[in-house]
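K.L.:
This structure is in structure tokens; I'll ask about it shortly.
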Amino acid sequence: MSLLLNGLAASNGIAIAPAYLLVGSDLPVQKQHTNDKDHEVTRLHDSFAFSRQELRRIRDQAHERLGQRAAAVVDTQLAMLGDPALFAMMRQEIMQSGVTAEWAVKQTADHYLTIFEKQNDNDYLQARGTAMRDVAKRLLSHLMAVELPDPQKLDHRAIIVAANITPTDTAQFDRRYVAGLVTDTGGRTSHFTIMSRTLSLPVVVGTKIATTEIQNGDLLIVDGIHGKVIVRPTEEELEQYRLLAGKFAREQEAWGAVRNQQTISADGRHFEVAANVGTLADMEDARKNGAEGIGLLRTEFLYMNQSRLPSEEEQFRAYKQFVAGMNEKRVVARTLDVGGDKRLGMVPLPSEANPYLGFRAIRIGLARPEILRPQLRALLRASVYGRLAIMFPMVATLEEFHQARAILEEERAQLSSAGIPLAQNVELGMMLEIPAVAMMADIFATEVDFFSIGSNDLIQYLFAADRGNPRVAYLYQELHPAVLRTVKRVIDAAHAEGKWVGMCGEMAGNPLAAPLLMGMGLDEFSMNSNQILQIRSLIKKMNTRQLQPLVHRALNAQSAPEVAELVRTAIPELNR
């Protein structure tokens with residue numbers, strides 16, 4: 001008899017293959033003291049050396065098998081191990097507290113993890129937390145002489161089952177053999193999930209009990225569309241999923257057909273489907289997946305892993321690559337969005353009880369113009385190499401937008417006076433993430449060139465609920481009528497002033513939300529690259545005029561499940 005496990009559908013697709021358990025020994029660390037501190041420091045030093053050697057080998061293999069993006073995952077950990085501050089902090093723990101190297105590693109890693117992992121709405125810092133955990137485990141494995149699980153031992157096509165999958169596990173995957181992934185824990189934005197989407201692997205995460213219920217060699221069906229894992233399936237289930245896999249393959253082929261076409265609905269309305277990117281590798285993925293622009297360029301990548309602020313020249317060279325690389329397609333660059341738990345070593349920030357509502361984003365830029373001004377100069381200089389738009393994050397009041405715009409205009413004037421060429425058509429907008437701004441959207445719309453709705457934060461603030469907190473995560477409801485009414489209010493206010501509206505949160509890539517957003521008149525959808533072709537294909541089949549009754553019913557519904565059912569009923573192809 002088969003067994004059904006439910007989880008989160010983290011990467012589309014269907015896989016049928018035997019299970020391969022990637023489960024290693026736990027590495028529990030007890031606090032112990034030492035009488036030989038120097039010996040413990042030597043052991044710590046050796047563990048760093050062995051880990052670096054090991055990671056360099058993994059990096060070279062990852063580059064050969066999976067390309068530069070996978071190798072970059074390992075580079076992040078090598079950079080951590082090469083950071084003198086990390087070793088110094090662990091050494092200090094040994095010398096001051098007289099503890100063993102193992103305890104020093106644990107304490108230091110826990111310190112960083114409290115910073116990285118509280119910031120649930122920032123993919124980059126979530127990845128940093130995962131990388132730190134991976135680095136700590138590797139150091140401990142050498143200190144404790146425990147062998148870590150090795151994905152490279154897989155020599156046949158299989159579905160990897162694990163409690164969690166680390167970045168270096170992912171970097172060691174051999175795409176010839178890995179058919180899919182199943183984990184006990186994890187979410188849709190975890191690093192290995194994003195990497196798996198790039199590799200087109202079906203993934204189901206958060207099953208909670210996969211590693212205890214599945215044995216090596218068990219035949220599995222991984223349904224990355226609905227978030228299901230079937231253990232030891234029956235012949236009927238196998239036949240059903242073989243048919244579903246064939247249907248999904250045909251759909252993917254159909255999605256690819258729209259790659260080089262404009263995104264125009266069945267009734268002739270043009271939409272722009274763009275990508276959220278944070279690295280040059282992301283931009284390459286976006287182009288391969290038919291992105292019609294970059295709807296969110298996360299500029300934080302230039303500031304992370306640095307001991308000093310990047311210079312104007314360093315920023316200019318980086319932004320130029322993005323603007324030129326998109327070949328006159330619009331690039332929307334967000335100014336530095338850090339603060340609260342998103343910390344930079346070179347920018348001391350106060351400790352805050354509620355960092356989500358604290359000193360962050362444009363609030364830092366206005367208080368520290370020596371950070372904002374070089375970034376704006378660099379962006380303006382890069383504007384002549386393509387089509388650039390600039391937006392300010394976390395704007396709460398009209399005064400904040402006025403102050404930020406004034407700084408931009410001052411820098412524009414100074415650059416022009418110096419004879420530096422600048423584009424004349426740089427659009428200036430803002431992230432709309434705060435409910436107060438949504439309520440004042442008609443006023444803001446007279447001032448900005450565009451809005452980009454940051455649905456992740458907007459939804460959290462609307463429901464006063466941290467979606468990363470499992471006790472209240474159920475309140476993060478993209479399809480709730482309150483969210484839809486807020487989005488429509490913003491779109492209507494912008495269109496009344498002839499301004500365009502984009503969305504760069506997870507909601508933009510949700511197939512169930514797409515018909516509603518189309519019907520409400522959203523102009524630009526920006527999302528992870530792997531979602532682009534599906535959303536573009538869906539938009540081309542929809543008639544915006546015929547969607548109006550659906551939008552009306554959704555706006556007057558009472559709950560998110562009711563809205564989801566309305567959409568599925570109106571558009572049967574969304575009922576897979």
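K.L.:
With the structure loaded, tell me whether LYS540 is farther than 17 Å from ALA274 by Cα and in contact with a strand residue (DSSP E or B) (Cβ under 7 Å, 6 or more places away or on another chain) or whether it fails that test.
P.N.:
Taking the combined requirement at face value, the residue does not satisfy it.
K.L.:
Filter the stretch 342-369 down to the residues that are β-branched (Val, Ile, Thr) and at pLDDT 70 or above, then identify the one that is farthest from the chain's Cα centre (by Cα).
P.N.:
The residue in question is ILE364.
K.L.:
Is there a residue in the stretch 143-151 that is outside any helix (DSSP H, G or I), closer than 27 Å to ARG91 by Cα and at pLDDT below 75?
P.N.:
No, every residue in the stretch 143-151 fails to be outside any helix (DSSP H, G or I), closer than 27 Å to ARG91 by Cα and at pLDDT below 75.
K.L.:
Here is a follow-up. When you scan the stretch 74-100, how many residues do you find that are assigned to a helix (DSSP H, G or I) and within 17 Å of MET132 (Cβ to Cβ)?
P.N.:
Residues flagged as assigned to a helix (DSSP H, G or I) and within 17 Å of MET132 (Cβ to Cβ) within the stretch 74-100 amount to 16.
K.L.:
Could you look through the stretch 285-313, keep only residues that are free of Cβ contacts under 8 Å to residues at least 40 places away in the same chain and assigned to a helix (DSSP H, G or I), and pick out the one that is surrounded by the most Cβ atoms within 10 Å (Cβ to Cβ)?
P.N.:
For the stretch 285-313, the residue satisfying everything is LEU302.
K.L.:
Sort out for me the strands (runs of 3 or more DSSP E) sitting completely within the stretch 1-65 that have 2 or more residues that are within 22 Å of THR166 (Cα to Cα) and small (Gly, Ala, Ser). Spell out how you get there, then give the answer.
P.N.:
Numbers: elements: 3-6, 8-11, 14-21.
Passing ranges, in order: 8-11, 14-21.
K.L.:
Within the stretch 387-494, which helices (runs of 4 or more DSSP H) (wholly inside it) include 3 or more residues that are closer than 21 Å to GLU524 by Cα and either of a type in the set (S, T, N, Q) or out of contact with any Phe, Trp or Tyr (no Cβ under 9 Å at 6 or more places or on another chain) (or both)?
P.N.:
Numbers: elements: 398-417, 435-439, 441-444, 455-463.
The qualifying helices (runs of 4 or more DSSP H) are 455-463.
K.L.:
Related question: Name the one entry in ARG360, ARG373 that is over 19 Å from SER455 (Cα atoms) and touching a residue at least 12 places away in the same chain (Cβ under 8 Å).
P.N.:
Criteria check complete, one pass: ARG373.
K.L.:
So which residues in the stretch 164-214 are in a helix (DSSP H, G or I) and either within 27 Å of GLU253 (Cβ to Cβ) or modelled with pLDDT of 80 or more (or both), if there are any at all?
P.N.:
Once the filter is applied, which keeps residues that are in a helix (DSSP H, G or I) and either within 27 Å of GLU253 (Cβ to Cβ) or modelled with pLDDT of 80 or more (or both), the stretch 164-214 yields THR170, PHE192, THR193, ILE194, MET195, SER196, ARG197, THR198, ALA210, THR211, THR212, GLU213.
K.L.:
Could you list, in sequence order, the residues of the stretch 547-564 that are at pLDDT 95 or above and of a type outside the set (A, V, I, L, M)?
P.N.:
GLN548, PRO549, HIS552, ARG553, ASN556, GLN558, SER559, GLU562
K.L.:
Condition first: under 24 Å from PHE451 (Cβ atoms), aliphatic (A, V, I, L, M) and touching a helix residue (DSSP H, G or I) at 6+ places or on another chain (Cβ under 9 Å). Now tell me which residues in the stretch 405-421 satisfy that.
P.N.:
The answer is ILE407, LEU408.
K.L.:
Moving on. Identify all residues within the stretch 540-557 that are over 30 Å from the mean Cα position of the chain (by Cα) and polar (S, T, N, Q); write none if there are none.
P.N.:
If the condition is that a residue be over 30 Å from the mean Cα position of the chain (by Cα) and polar (S, T, N, Q), then ASN543, GLN546, GLN548, ASN556 are the ones that fit.
K.L.:
Only one of (1) over 25 Å from the mean Cα position of the chain (by Cα); (2) surrounded by 21 or more Cβ atoms within 10 Å (Cβ to Cβ); (3) more than 23 Å from HIS552 (Cα to Cα); (4) not hydroxyl-bearing (Ser, Thr, Tyr) fails for ALA494. Which number is that?
P.N.:
Answer for ALA494: the failing condition is (3).
K.L.:
Could you check the stretch 472-485 and list, in sequence order, the residues that are at pLDDT 95 or above and surrounded by fewer than 21 Cβ atoms within 10 Å (Cβ to Cβ)?
P.N.:
PRO481, ALA482, ARG485
K.L.:
Let me ask you something else. If you take the residues of the stretch 238-267 that are of a type in the set (S, T, N, Q) and closer than 27 Å to ASN543 by Cα, which of them is modelled with the lowest pLDDT?
P.N.:
GLN252
The values are calculated or read from the model by the stated rules, or taken from the named source; none is laboratory data. Being a predicted model, the structure only gives us computed values, none of them experimental. Every residue, glycine among them, receives a Cβ derived from its backbone with ideal geometry; neighbour counts consider all protein chains shown.
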